[in-house]
Amino acid sequence: MPASLLRHSDDLTLAALHGLQPVLPDISPVSFENWGVVVGARQFGRSAQAQASERFRQEGAWGISPHMIPHASVHAPSGTISLALGLHGPNLGVGNGPGFVTEAFLAAAALLHGTATPGILVVVTEFAPEFIPSPTQATPGDDDLLNVLALALQSEPQDNLPAMSWHLDATSTKDGFASITQVEAFLADRMDRKQLSLGAGLVLGRERTRRMAA
Amino acid sequence: MKDPTVITGVGAVTPLGNEYRLIAENLLQGRSGIRTIAAFPTDDQPSRIAGVIEAPARPAGIPEPEWDECDDFQRLVLACAVNALRDAGIWERRDPLRIGIVLGTATEMNWFWETEQFRHGRPGVYDATERVPIVQWLQSKLGLNGPVLSLSAACASSNFALSMARSWLEMGWVDCCLAGGADLALTPMILAGFGNLRALSRRNDQPETASRPFDRDRDGFVLGEGGVLFLLEGRESANRRDGRVYGELAGFGAASDAHHMVIPSPHPEPAITAMNQALDQAKVNVDQVDYINAHATSTPVGDAAEARILHRVFGAHTPRIPVSSTKSMTGHLLTAAAAFEALACMIALEGQVIPPTINLENPDPECDLCHVPRQALERSVRIAVSNSFGFGGSNTSIVLRKVA
């Protein structure tokens, strides 16, 4: 991957791309050229906005980088991943505040239902804890940590791929939002619960029949 | 057989007006909503013009104190949502319904962070308090019960939003769904960002003629602001309560260029794929299409690329299918653009008249299409196609069908 491709990318975009690395070999037996990608990120573009604010204060309009809009907007991580991996399926960013994990699943389920894409890469990422810029530190430091969770979702499991089956269902409830770590624990089978409420009326449930361990 | 998804309510705040009839009249009269920006100093901005909205009126049913507490972004979305629910006739009886929200929006946080700076002299990015995202705020404000989602595929966002609402309806997740887009991008920093990208028109002394899609003398797009929300539901549901039906959302297609974050791909296949998917999903042949609302933003590269895509998709039928770009009147509403253009298609379906591309005085030979220059065209319209493409390489297309 050429460095120029990621030169202007946000930390959360890099984290999302990094998080996909272990997923790709799992789906490599099939071509994922037409797969889509959904990225949910919390407070995306915050660091870039902090830097831009300072430049704008000092230099006015000409101080705003032309890379800010393409690389610091909500759709930037999914667009970058689509570009980096050569994915021609739909790509979009979701969320940008609390609820971004749930929204990624809501979007992926809708895309799998309503488009011709064979699968969706879902990536959710956030600073943990949230990075709050300050006038003296606009960008994250070495001690700032990120969480990232990446999944490959398909409507129907394919015989040549390792897969676990879950179902997504919307309910009329509006209970709390799941975090990245909650979803990760649930998917890794470290939770006894049969289903995980993702909030906003969405439930992730285990199917009775599990095809193979992921 | 699937229950078709239909649009039964509209709420809009746009540079051409904030009410359906007014928007339709301005659109079909070919009036421009583009003005010189007066909201903030623009002396050092490359582009100083935009499609500007008038502040929305407080919708009936929202108490004045609550309205007064809202910020401009909340008012924009709240006005669109309430008016769409009212227009569909379900405002008063929304409580038992599972009503979802899918909103295309890209600049909410940037707008918030930046306006906080103007209001308090300190950028909102330094504030540890997290803003409640607009879809969650709206859900709570209206007491809605369905799932909510905000998304961005840049300028293709609202087409995704409409498609996702349709998917949720088909999956049985919602009884009806608000879907569309909203952005308030007219801030000094966002305007500068697009301006420095050299994406914007610099015809600052001629605002009303600056947006000129397909014209030989086009020099970039004009930024706009606004929002459009639709109420989507199943046809059976609409029939049961004898609701007004604006049109059927019959097809959607999406594909990514994977070429460049900003520049359209020289290879048209992904955009062609998106259009073909939408037509296939709608079970519509190319010879059945009556109107194409083009993405055409008035950029030299983008408009010509779209013209080539249309020729590839429609082949020998291209010279007879009217094409127009309503961005010539509104400017580019970013994530709300596709929603506005779906609205323009519905106006065409309802009135059997095609909105024009204003300022199209000298069509670019590279954009050799069946244009509708300067004046609306009366024509039978049963099937309309609307393209929306976005940064990040997103290509989308929807098909809207007139419902008898």
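The values are calculated or read from the model by the stated rules, or taken from the named source; none is laboratory data. Note that this is a predicted model, so its numbers are computed, not measured. Backbone-built Cβ (ideal geometry, glycine too); neighbour counts: all protein chains shown.
Structure values in brief
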quantity	calculated
Candidates B:Glu92, B:Glu66 - the one that is within 28 Å of B:Arg21 (Cβ to Cβ) and assigned to a loop (DSSP other than H, G, I, E, B)	B:Glu92
Spans of helices (runs of 4 or more DSSP H) in the range B:134-203 with at least 1 residues over 19 Å from B:Gly11 (Cα atoms), at pLDDT 95 or above and of a type outside the set (A, V, I, L, M)	B:157-170, B:188-196
Residue among B:Ala274, B:Ala282, B:Ala250 that is more than 22 Å from B:Val372 (Cα to Cα), at pLDDT 95 or above and facing chain A (nearest Cβ under 10 Å)	B:Ala274
Test: residue in the range A:141-157 that is assigned to a helix (DSSP H, G or I) and either over 11 Å from the mean Cα position of the chain (by Cα) or more than 10 Å from every other protein chain (Cβ to nearest Cβ) (or both)	no
Criterion (within 13 Å of chain A (Cβ to nearest Cβ), crowded, with 24+ Cβ neighbours inside 10 Å, touching a residue at least 40 places away in the same chain (Cβ under 8 Å) and at positive phi) met by exactly one of B:Ala154, B:Ala165, B:Ala179	B:Ala154
Criterion violated by A:Thr13 - all others in (1) among the hydroxyl-bearing types (Ser, Thr, Tyr); (2) touching a strand residue (DSSP E or B) at 6+ places or on another chain (Cβ under 9 Å); (3) facing chain B (nearest Cβ under 8 Å) satisfied	(3)
Boolean, A:Leu83 is at the interface with chain B (Cβ under 8 Å from one of its Cβ atoms) and under 27 Å from B:His259 (Cβ atoms)	yes
Of all residues in the range A:165-193 being assigned to a loop (DSSP other than H, G, I, E, B), more than 17 Å from the chain's Cα centre (by Cα) and of a type outside the set (D, E, K, R), the one that is modelled with the highest pLDDT	A:Ala188
Single match in B:Gly243, B:Gly234 (criterion: modelled with pLDDT of 95 or more and more than 14 Å from chain A (Cβ to nearest Cβ))	B:Gly234
Residue list for the range A:1-42, filter: in a helix (DSSP H, G or I), among the polar types (S, T, N, Q) and at pLDDT below 95	A:Ser4
Residues of the range B:345-371 satisfying the condition of being part of a loop (DSSP other than H, G, I, E, B) and under 19 Å from B:Val313 (Cα atoms)	B:Asp368, B:Leu369
Residue match in the range B:334-354 (condition: at positive phi and in contact (Cβ under 8 Å) with a residue 40 or more places away in the chain)	yes
Residues being at positive phi and either within 15 Å of the chain's Cα centre (by Cα) or not in a helix (DSSP H, G or I) (or both) - total across the range A:43-88	3
The range B:27-49 - residue that is touching a Ser or Thr at 6+ places or on another chain (Cβ under 9 Å) and closer than 22 Å to B:Arg374 by Cβ and, of those, nearest to the other protein chains (Cβ to nearest Cβ)	B:Ile49
Answer residue from the range A:90-113, given it is farther than 17 Å from A:Ala41 by Cβ and surrounded by fewer than 24 Cβ atoms within 10 Å (Cβ to Cβ) and is nearest to the other protein chains (Cβ to nearest Cβ) among those	A:His113
Those residues of the range A:55-65 which are at pLDDT below 95 and at the interface with chain B (Cβ under 8 Å from one of its Cβ atoms), in sequence order	A:Phe56
Test for A:Ser9: is it surrounded by fewer than 24 Cβ atoms within 10 Å (Cβ to Cβ), under 17 Å from the mean Cα position of the chain (by Cα), small (Gly, Ala, Ser) and closer than 27 Å to A:Ile180 by Cα	yes
